[in-house]
Amino acid sequence: MNLQNIAELCGIILGDGSLHKTCNRITIIGSCEDKYYFLNRVVPLFKKTFGNVNLKINKNKIKNSYNITLENKKVFDIFVKKFGMNRGSKNNTEIPSFIIRNPALVAPFLRGLFDTDGSIKFSKQTKKIHYYPRIQLGFRDSQFAHQVGALLKSLDFNFGKWRDKNDRGYGQNPAEMIFYHVSGKENCIRWMELIKPANSVHVTKYLFWRKYGHYVPRSTLKERLYYLDNPETVV
């Protein structure tokens, strides 16, 4: 079994996924633009790791999102019983110890986590264009959040850390949020080269910025793909 694939899948599940409390069901949730990532990365990664398992992709028209579901006891037990992931609520979750103990698994884990629950942002700073990059990860204040910070340190990333109010719709949980920023051109390039994100939503933002020196706020994945193939259309 390829542990790097398992580590990335753990990151995906701990990002925007869940292990059902009572059923042997794995669910991963993403935006409409994540459909390409689901089809071209997540589904193939599961099949490459576990064989021809039956994953279903469904659109939630009410929430305007896509869900991947996998109901397979053998696969479910691998994550829960073999690698120690918690089923049900992620409030008290931790990064699996096999990832923390093995430096070679840190980047794949962060890839899965960033692809599903991270973002790349660009600010103006002192210019009129959005040119300054920031990799962002944010989690409820928890053991898991602090473990992510430790992984960033283990890879020698320069990053900022701050706390903020819980304003992301986590119900009555009073925990604050902990945010991590990996900021600046050199740090962003190193992140993309070392972590190697696979979600085209993030990758196209990065490629657009690298090619044109700035980012267009609120651009769609479809628009970025077009601009990358047709540079003469970029203003």
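A short reminder: the numbers here are calculations on the coordinates, not readings from a lab. All of these numbers come straight from a predicted model, not from anything done at the bench. Cβ atoms come from the backbone with ideal geometry, glycine included; neighbour counts cover every protein chain shown.
Laid out as a table, the results:
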| read-out | value |
| --- | --- |
| Derived scalar couplings ³J(HN,Hα) [segment 109-125; Karplus, 6.51 cos²θ - 1.76 cosθ + 1.60; whole Hz; x for Gly, Pro] | 4, 5, 4, x, 5, 5, 4, 9, 9, x, 7, 10, 10, 9, 10, 7, 6 |
| 3J(HN,Hα) from dihedral phi, segment 41-54, Karplus parametrisation 6.51/-1.76/1.60, rounded to Hz, x for glycine, proline | 10, 5, 4, x, 5, 4, 5, 5, 8, 10, x, 7, 7, 9 |
| Cα gyration tensor, segment 86-126 - rounded (a/c under 1.5), prolate or oblate | oblate |
| C-alpha long axis of helix 3-16 to longest principal axis of the chain, angle in ° | 80 degrees |
| Choice from Val148, Val201, Val75 showing the highest fluctuation, given a GNM over the chain with Cα pairs closer than 10 Å | Val75 |
| Listed residue (His214, Thr204, Phe159) projecting farthest to the positive dipole end of segment 115-216, Cβ model | His214 |
| 0 to 90° range, to nearest 10: angle between helix 200-212 axis and the chain longest Cα axis | 20 degrees |
| Given Lys35/Lys61; Lys63/Lys222; Lys124/Lys165; Lys185/Lys205; Lys59/Lys82; Lys21/Lys56, the pairs whose alpha carbons are separated by over 22 Å | Lys124/Lys165; Lys59/Lys82 |
| Where the Cα pairs of segment 125-215 fall when distances are cut into 10 Å bins, in % | 15, 40, 33, 11, 0 |
| Net charge contributed by nearby residues that have their C-beta within less than 11 Å of Leu113 (K/R +1, D/E -1) | -3 |
| Isotropically averaged projected area of segment 3-88, using the convex hull of Cα atoms (one quarter of hull area), nm² | 5.3 nm² |
| Charge dipole (debye, nearest 20) of segment 115-216; +1 at Cβ of Lys and Arg, -1 at Cβ of Asp and Glu | 500 debye |
| Relative contact order computed over segment 9-65 (Cα-Cα under 8 Å; 6+ residues apart), in percent | 30 percent |
| For the chain, convex hull of alpha carbons as volume per residue, Å³ | 139 Å³ |
| For segment 26-36, 3J(HN,Hα) per residue [Karplus equation, 6.51 cos²θ - 1.76 cosθ + 1.60, θ = phi - 60°, Hz, x = Gly/Pro] | 9, 10, 10, 10, x, 6, 4, 6, 7, 4, 4 |
